[in-house]
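What follows is one structure encoded as structure tokens, with my remarks underneath.
The values are calculated or read from the model by the stated rules, or taken from the named source; none is laboratory data. Keep in mind that this is a model prediction, so the values were computed, not measured. Glycine also receives a Cβ, built like all others from the backbone with ideal geometry; neighbour counts cover every protein chain displayed.
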Amino acid sequence: MSLYAIGDLHLHYQSVLKAPGQLHDRVWKKHEEKFRKNCMNMLTAEDTLVLVGDHSWGKNLAECELDLQYICDLPGRKILTRGNHDTFPYKL
């Protein structure tokens, strides 16, 4: 069992992107695919992934549903803490 932590995913599957650099900056290009691939290769069902904020650009649950589903679909147990951009109410 291992513990991993990361923050600032800034997913935007259903919401308006608020940081245009995310569309063009090399670091952000396909970051969702890269992160998922790394998680699938590293994490097991017994591991815990702590997401320390700024999960989604969504302002409400309707704008965050696909982002949260993306997180739920990653392997292992997830613990989410709020960041300054996480203004939506949610329970997983």
(request) Please enumerate the residues belonging to segment 37-92 that are in a helix (DSSP H, G or I) and within 19 Å of Val16 (Cβ to Cβ). (result) Leu61, Ala62, Glu63, Cys64, Glu65, Leu66, Asp67, Leu68, Gln69, Tyr70
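Table: residues versus (1) loosely packed, with under 13 Cβ neighbours inside 10 Å; (2) free of Cβ contacts under 8 Å to residues at least 40 places away in the same chain.
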residue	(1), (2)
Ala19	yes, yes
Asp25	yes, yes
Glu33	yes, yes
Cys39	no, yes
Glu63	no, no
Leu66	no, no
(message) I'd like to verify a number: residues in segment 34-68 that are over 17 Å from Ile6 (Cβ atoms) and either of a type in the set (A, V, I, L, M) or modelled with pLDDT of 95 or more (or both), how many?
(response) 5
(request) Determine, yes or no, whether Asp86 is charged (D, E, K, R) and over 21 Å from Ala5 (Cα atoms). (result) no
